[in-house]
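Data block below; observations after.
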Amino acid sequence: MIPIAEALLDWYACHGRHDLPWRQSRDPYHLWLAEIMLQQTQVESARPYYARFLQALPSWQALAAAAQDQVLALWSGLGYYARARNAQRAAQEVVTRFGGHFPNTLEAAVTLPGVGRSTAAAVLASAFGHRQAILDANARRVLIRSHAIDADPKAAATQQWLWTLASALTPEDAHGYNQAIQDLGAMICTPRQPRCVACPLVDRCLAHAQGRSHALPAIVNKAPKPQRCAFFLLVVDTEGQILLEKRPDSGIWGGLWCLPQAAPDGGAFPVLCSGTLHPLEDTPAVRQSLQAAWSRRLGLNLQLRALEEEQQHVFTHFQLRFRCVHARVWGSAVADSAATLRWHRPADALAQGLPTPIRRILRERSGGC
DNA sequence: TATTCGTGGGC
DNA sequence: TGCCCAAGAAT
């Protein structure tokens, strides 16, 4: 066996995180679900979602047949909601195209929505014992440091080299090795302040030999985050119900239920705001356009009331500044043939698949903790 | 090829 | 506090 693999497997046997829930199973459904949830997500964030999801939808068939709203409600708060929509589509394809069994080749597995090369390899190795290399953030960082790779980690040529390296280093026991290198990356070879004294690869690590462990991977220059501004409508009917709008599948918060949103100009999408402008200012003109836009889009006769203080929510690639607008409704009834508008009692609203800042708003209003 | 997709932890 | 980063994939 390659010395690196042997050292990693020995270390893993003693120090690995053997107690993770998805490591107690060899069921492809369990392992696949864990891999999807863990994409760009830390273990402790995904853990409670994994348990709840499996409890509610314990099989390919259950997930395939579920209502999308239920799937998104189970995912609500975990982020990257395309994963949830793709997961359901993948389950449907496993049932219809693969007879209820996860495909047992890399080529077939990556045809499933939301399953890329690394996710497919992880499932095949763990569920079927195949010798398949992964290349996630942990493995990538370990390889970059151990081989002192200076190139831009995101460049295509670097990715290709890393995949070649990962494949060459992965032993027959890929199941154990993949988990070992992930645990090393998460526990020892961390992004900042790696604990090289406790690393089983310290004697073979080029970065450590060169005294550059802390300097790798190379830093990629970051683009400044644009700011976007929007208003959210808080309208309650005579029975105390609140109006929610289902967002389209594409775009941010796709498929989730949200407070009706409008830009200061009345448009549907948040507008870019520079430092000098005050797009969230409470002016008669802004109120006018908001009232007109929402009344038309929602088919309601609205009377705007107070505007709440500005809040913000930071995404990976932009910052959303927003204010909540209280309103009264005259008459009733929302005409919505597409069923993208619904009145919910407060408790019902909180059971829906909501984006985190919207959940926070509704929770505070209903006096919850 | 470069963007677009969430959210919370940690320093 | 602000910023970086995470068990990546789709478009």
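Summary table
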{"item": "Every residue from segment A:47-69 that is assigned to a loop (DSSP other than H, G, I, E, B) and surrounded by fewer than 20 Cβ atoms within 10 Å (Cβ to Cβ)", "result": "A:Pro58, A:Ser59, A:Ala66, A:Ala67"}
{"item": "Hey, A:Leu72 within 14 Å of DNA strand B (Cβ to nearest atom) and either in a helix (DSSP H, G or I) or among the aliphatic types (A, V, I, L, M) (or both) or not", "result": "yes"}
{"item": "Candidates A:Ala51, A:Ala66, filtered to the one that is more than 15 Å from DNA strand C (Cβ to nearest atom) and more than 22 Å from A:Leu135 (Cα to Cα)", "result": "A:Ala66"}
{"item": "Residue count, segment A:11-26 (criterion: surrounded by 16 or more Cβ atoms within 10 Å (Cβ to Cβ), within 9 Å of DNA strand C (Cβ to nearest atom) and outside any helix (DSSP H, G or I))", "result": "1"}
{"item": "Segment A:289-310, subset part of a strand (DSSP E or B) and surrounded by fewer than 15 Cβ atoms within 10 Å (Cβ to Cβ), residue farthest from DNA strand C (Cβ to nearest atom)", "result": "A:Asn301"}
{"item": "Qualifying residue in segment A:148-165 (condition: touching a residue at least 60 places away in the same chain (Cβ under 8 Å), assigned to a helix (DSSP H, G or I) and more than 9 Å from DNA strand C (Cβ to nearest atom))", "result": "no"}
{"item": "Whichever residue in segment A:202-246 is of a type in the set (Gly, Ala, Ser) and either surrounded by 20 or more Cβ atoms within 10 Å (Cβ to Cβ) or touching a strand residue (DSSP E or B) at 6+ places or on another chain (Cβ under 6 Å) (or both) and, among such residues, is nearest to A:Gln261 (Cα to Cα)", "result": "A:Ala230"}
{"item": "Residue satisfying condition, being at pLDDT 95 or above and over 14 Å from A:Ala34 (Cα atoms), within set A:Gly99, A:Gly114", "result": "A:Gly99"}
{"item": "Answer from A:Leu38, A:Leu33 - the residue that is within 16 Å of DNA strand B (Cβ to nearest atom), free of Cβ contacts under 8 Å to residues at least 12 places away in the same chain and surrounded by 16 or more Cβ atoms within 10 Å (Cβ to Cβ)", "result": "A:Leu38"}
{"item": "Residue count for segment A:108-165, restricted to those that are surrounded by fewer than 19 Cβ atoms within 10 Å (Cβ to Cβ) and among the β-branched types (Val, Ile, Thr)", "result": "4"}
{"item": "Residue ID - farthest from DNA strand C (Cβ to nearest atom), chosen from residues in segment A:100-144 that are in a loop (DSSP other than H, G, I, E, B) and among the aliphatic types (A, V, I, L, M)", "result": "A:Ala133"}
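The values are calculated or read from the model by the stated rules, or taken from the named source; none is laboratory data. What you see is a predicted model, and the numbers here were worked out from it, not measured in a lab. Positions of Cβ are generated from backbone atoms using ideal geometry, with glycine treated the same way; all protein chains shown enter the neighbour counts.
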